[in-house]
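The values are calculated or read from the model by the stated rules, or taken from the named source; none is laboratory data. Because the structure is a prediction, the values reported are computed rather than measured. Virtual Cβ from ideal backbone geometry, glycine too; neighbours counted across all protein chains shown.
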Amino acid sequence: MADGTPPRIVVAGSANMDLVGLAERLPRPGETVLGDGFVMTPGGKGANQAIAAARAGGRCTFLGAIGSDAFGVTIDARLRASGVDTTHLRTAYGDSGVAIIMVDRAGENSIIVSPGANRTFADLTDAETAAIAAADVLLCQQEIPDATVTAAARAARSGGTRVILNAAPARELSPELLAAVDLLVVNQGEAQALTGRAEPDLDALLRLVPRVVLTLGGAGSWYADRDGRNETVAPFRVDVSDTTAAGDAFTGALAVAWGEGRDVVDAVRWANAAGAACVRQVGASNSLPGRADIDALYAAG
């Protein structure tokens with residue numbers, strides 16, 4: 001914010017326990033590969049992005065659902081320990097969401113997600129709607145029910161809160177949701193799925209929303225808007241250990257930087273630094289960088 005007050009970020013999304021197996025290479029179908037190690041850590045795109053935003057300097061509230069199992073207790077504890085407000089976090093009887101992740105020595109991964117309690121996150125309460133309306137930025141993804149994402153975005157629009165949608169995993173977006181989105185964040189595969197084009201087409205995406213960030217992995221990012229800005233934002237070069245939460249680090253940091261009032265292209269560049277800082281460690285929420293690490297990499301670049 002212009003007065004130095006940390007921006008208020010609300011993240012509405014998923015929370016999972018990530019079970020991460022490390023191996024020299026990813027197995028082919030029907031093949032067993034001996035692993036190098038195992039890590040169990042809280043994750044889920046929503047929880048990851050909430051932690052990323054809090055560590056990047058935002059005042060972050062998380063809206064979502066965990067199960068009544070031990071995984072749910074651990075997820076809640078990780079969120080709170082990272083500075084995320086979990087006042088509105090729901091507990092549903094049954095299993096928490098779980099992600100089974102395989103990571104090779106090049107940092108590439110394959111992931112299976114079992115949503116668990118995330119499926120129950122529906123019908124926003126008055127308190128949840130009020131939290132969204134009071135925020136500077138609402139950040140959503142697509143690991144929770146479509147209707148919940150749309151309801152959250154609609155509440156943000158009514159309250160004058162800017163909306164960032166990370167359209168992952170890719171699925172059809174309703175006209176009602178698109179009308180409430182201020183900034184769309186997608187990777188190349190998601191962009192192709194949304195437009196039906198073999199190559200990412202920013203013009204096609206800008207017919208859906210007013211601003212788009214296309215993340216390009218190790219090649220940085222690409223920003224475009226309906227006002228005619230179209231810029232490639234260079235990456236930061238680091239040694240890669242695991243790319244699992246890089247996109248979440250990027251998106252959470254982007255929400256904070258934009259909420260602080262930075263020029264949007266500079267916000268994307270700062271978010272690039274957050275994504276690069278993240279891939280230097282193995283894991284999901286445990287690898288999300290703090291503001292000092294992001295600033296250091298940003299300044300060095």
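Evaluated against (1) farther than 16 Å from Ala50 by Cα; (2) out of contact with any strand residue (DSSP E or B) (no Cβ under 9 Å at 6 or more places or on another chain), Phe71 falls short on exactly one condition, (2). Filtered by the rule that a residue be in contact with a Phe, Trp or Tyr (Cβ under 7 Å, 6 or more places away or on another chain) and either among the charged types (D, E, K, R) or surrounded by 19 or more Cβ atoms within 10 Å (Cβ to Cβ) (or both), the range 223-261 gives Arg229, Glu231, Val233, Ala253, Ala257.
Here is the figure for the range 276-301: residues that are closer than 13 Å to Gly252 by Cβ and surrounded by fewer than 20 Cβ atoms within 10 Å (Cβ to Cβ) total 2. Contact annotation: residue pairs with Cβ atoms under 6 Å, 6 or more positions apart or on different chains, pairing a residue in the range 170-189 that is closer than 16 Å to Asp201 by Cα with a partner that is of a type in the set (Val, Ile, Thr) and surrounded by 15 or more Cβ atoms within 10 Å (Cβ to Cβ), are Leu183/Ile164; Leu184/Val209; Leu184/Val212; Val185/Val213; Val185/Thr251; Asn187/Thr215.
Within the range 162-172, the set of residues being of a type outside the set (D, E, K, R) and at pLDDT below 95 comprises Ala168, Pro169, Ala170. Sub-8 Å Cβ pairs linking a first residue in the range 200-214 that is in a helix (DSSP H, G or I) to a second residue that is acidic (Asp, Glu) and at pLDDT 95 or above, at least 6 apart or interchain, are Leu206/Asp225, ordered by first then second residue. Annotation note: of Leu165, Leu206, the sole residue that is farther than 20 Å from Cys278 by Cβ, of a type in the set (A, V, I, L, M, F, W, C) and surrounded by fewer than 20 Cβ atoms within 10 Å (Cβ to Cβ) is Leu206. With respect to Ala127, determine if the residue is surrounded by 16 or more Cβ atoms within 10 Å (Cβ to Cβ) and either within 16 Å of Phe62 (Cβ to Cβ) or in contact with a strand residue (DSSP E or B) (Cβ under 7 Å, 6 or more places away or on another chain) (or both). Against the criterion (surrounded by 16 or more Cβ atoms within 10 Å (Cβ to Cβ) and either within 16 Å of Phe62 (Cβ to Cβ) or in contact with a strand residue (DSSP E or B) (Cβ under 7 Å, 6 or more places away or on another chain) (or both)), Ala127 does not qualify. Any residue at all in the range 5-27 that's closer than 27 Å to Asp85 by Cβ and surrounded by fewer than 12 Cβ atoms within 10 Å (Cβ to Cβ)? Yes, there is a match, as at least one residue in the range 5-27 is closer than 27 Å to Asp85 by Cβ and surrounded by fewer than 12 Cβ atoms within 10 Å (Cβ to Cβ).
Based on this model, can you work out whether Arg262 counts as outside any helix (DSSP H, G or I) and without any contact (Cβ under 8 Å) to a residue 40 or more places away in the chain? In short, yes.
Checking each residue in the range 262-275 for being more than 16 Å from Ala300 (Cβ to Cβ), within 16 Å of the chain's Cα centre (by Cα) and either surrounded by fewer than 24 Cβ atoms within 10 Å (Cβ to Cβ) or modelled with pLDDT under 95 (or both) picks out only Ala267. Highlighted here are the strands (runs of 3 or more DSSP E) found entirely within the range 88-190 that include at least 2 residues which are out of contact with any helix residue (DSSP H, G or I) (no Cβ under 6 Å at 6 or more places or on another chain), polar (S, T, N, Q) and within 18 Å of Ser14 (Cβ to Cβ): 109-114.
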